[in-house]
Amino acid sequence: MKKWFDVAITNIFVFIGLILFFTKVAPLIIYNCDDWIYLGEIRLPIPLWGSWNPTRVFFETIMPICGRIAGYVVYPITGNFVKSVTIVSAFFLSALITIMCICFYKLMRERFGKTELQALFLELFFIAMFFMIFRTRSESSYMFCAEDLCCVFNYIMPGVLNAIVVLVMAKYQNFSDSFKSFSVAKKCAFIVLLYFALLSNIFHSVITISYCTAKAIRRLITDCISKEKTLGKLIYETRIEMIIVFAWLMVLLFEKSGGRAGDFETGLDIVRTLLQFKAIMFAVSIPFIIIVVESIVYTVISILEKSEIRPLVLELLVGLAITFVFLFLLNSKVGYMSRVDATWGIWFYLILLCSIVFSELQSRMNLRSGVSVGLLLVIFFLCYYPDGKYMISSSRNRNYELCYKTSSYYEQSIIAADKEGKDTMYIKIPEVEVYNGTNLTFYPGFGDAVSKTLYLNGIIDNIIVVVEQADPSLNEEFLGVD
């Protein structure tokens, strides 16, 4: 009982620590137009043929729900919608990450028979890798960092969601057979999880599909070599994985019908993608590279010696390869290969492989508790060094104070106009270059997006028409430039 209490306390601390991180260290902040729009507009939680984003059900459902919670539940307490969104977003993202960590803990306990303390150590090692992987300087990137708040919901959360699916499935030697023994509630929970994972973002649903495909390939090769089973029997034993892959192909068909897909009807730019991948590779920290190199050595050993981690390691290696090829080709069309949030699946598989191989190293070396704690402290120090600062969720303005000031300026101005009973208001904004697709904050129409979202989330009583007026005297205050 005490050991389970220790597990619960550890994960509560992980959860609270993540919330503090996403509210204080690297706050999730509303800043650009997409952030405001998607916090307000909600869709039916089903794929919509021919819409702008036909299959991004998770993002376009969860983000406005978080907006509603921020407006109707947290705002009455804080009196500040911008801060309320930060709190709710941090809570939801932290909950997803904590669930992912718990799933990894269960993988260590139930498939590899680790003790509670060993599994807890490995869980903390696992989550630390997400922060250490790109830790090369102050305000460095990390695995939960995105271009903006909208991309946190649209890329990071789908990545974590699909990671949870993989970890749940990886816990079982034969998931298709194990699924039959699930209770009705457990089956329904997994189906809902899988539904939103597949209907999240094709950049990240491939994480699940890569694992399912790798699982089927490994079983097929292994059993065909041993000539123990027929092809029909092998397909039956991986039927759940095959159903998931087929469902994903339907998702791709829906995605192809969408308006956003038409924006990327271009050829493959392999050279650009190679250069972008080179750039992100140079951002990987040296300590993480050392861990990867050591993992490669022990991966070879585990495969040659047919250790208990061998089947899963082989599946993850194939999953990593499939994910890399898919994302490389996809990013050759959209040009996102240097973005962490768009290549999340590659790094997740690498971190998971390192963590599982490290669990084998832990067993081989029979690491004592003191040594494990000491090693963990070194890893945490490497995550903190040199100053514990990480990037915030706004690539267009890395200054949190300016982002907060800008969004609060719009919010408070519109709320004040609503209290005065106005239906139209004028707001002064910095004078910036003509909107060219890169400025998503200071341009005509942004205020209307803020007004509509504040109305939909119960902050104001009526939608107010907002008219922007350029004022160069505000440039320094809101842009930090003269």
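For segment 47-61, a residue qualifies if it is within 21 Å of the chain's Cα centre (by Cα) and open to solvent by 30 Å² or more (accessible area, probe 1.4 Å), and exactly one does: PRO47.
GLY480 meets the conditions (1) free of Cβ contacts under 8 Å to residues at least 60 places away in the same chain; (2) open to solvent by 30 Å² or more (accessible area, probe 1.4 Å) in every case but one. The failed one is (1). Of the helices (runs of 4 or more DSSP H) lying entirely inside segment 146-204, those containing at least 1 residues that are open to solvent by 10 Å² or more (accessible area, probe 1.4 Å) and at pLDDT 95 or above span 157-170, 184-198. Within the set LEU275, LEU268, LEU249, the sole residue that is open to solvent by 60 Å² or more (accessible area, probe 1.4 Å), assigned to a loop (DSSP other than H, G, I, E, B) and at pLDDT 80 or above turns out to be LEU268. Just one of the numbered conditions (1) over 17 Å from LEU327 (Cβ atoms); (2) touching a residue at least 24 places away in the same chain (Cβ under 8 Å) is not true of SER181: (2).
In segment 9-36, the residue that is modelled with the lowest pLDDT out of those that are open to solvent by 50 Å² or more (accessible area, probe 1.4 Å) and not basic (Lys, Arg) is ILE9. One residue stands out among those in segment 343-369 that are assigned to a loop (DSSP other than H, G, I, E, B) and modelled with pLDDT under 95: the one that is least open to solvent (accessible area, probe 1.4 Å), which is LEU367.
When every residue of segment 106-124 is checked against the conditions, none turns out to be assigned to a helix (DSSP H, G or I), at pLDDT 95 or above, under 15 Å from GLY159 (Cβ atoms) and not polar (S, T, N, Q). Here ALA70 fulfils each of the conditions (1) open to solvent by less than 30 Å² (accessible area, probe 1.4 Å); (2) over 19 Å from the mean Cα position of the chain (by Cα); (3) closer than 21 Å to LEU120 by Cα apart from (3). Working only within segment 73-84, note down all residues that are of a type in the set (Phe, Trp, Tyr) and open to solvent by 10 Å² or more (accessible area, probe 1.4 Å). Answer for segment 73-84, where residues must be of a type in the set (Phe, Trp, Tyr) and open to solvent by 10 Å² or more (accessible area, probe 1.4 Å): just TYR75.
The values are calculated or read from the model by the stated rules, or taken from the named source; none is laboratory data. Remember, predicted model here, so these are calculated numbers, not experimental data. No Cβ is skipped: glycine too gets one built from the backbone with ideal geometry, and neighbour counts run over all protein chains shown. When the accessible area is computed, the model is the full protein with side chains, heavy atoms only, and any ligands, DNA or RNA have been set aside. Shrake-Rupley method; radii C 1.70, N 1.55, O 1.52, S 1.80 Å.
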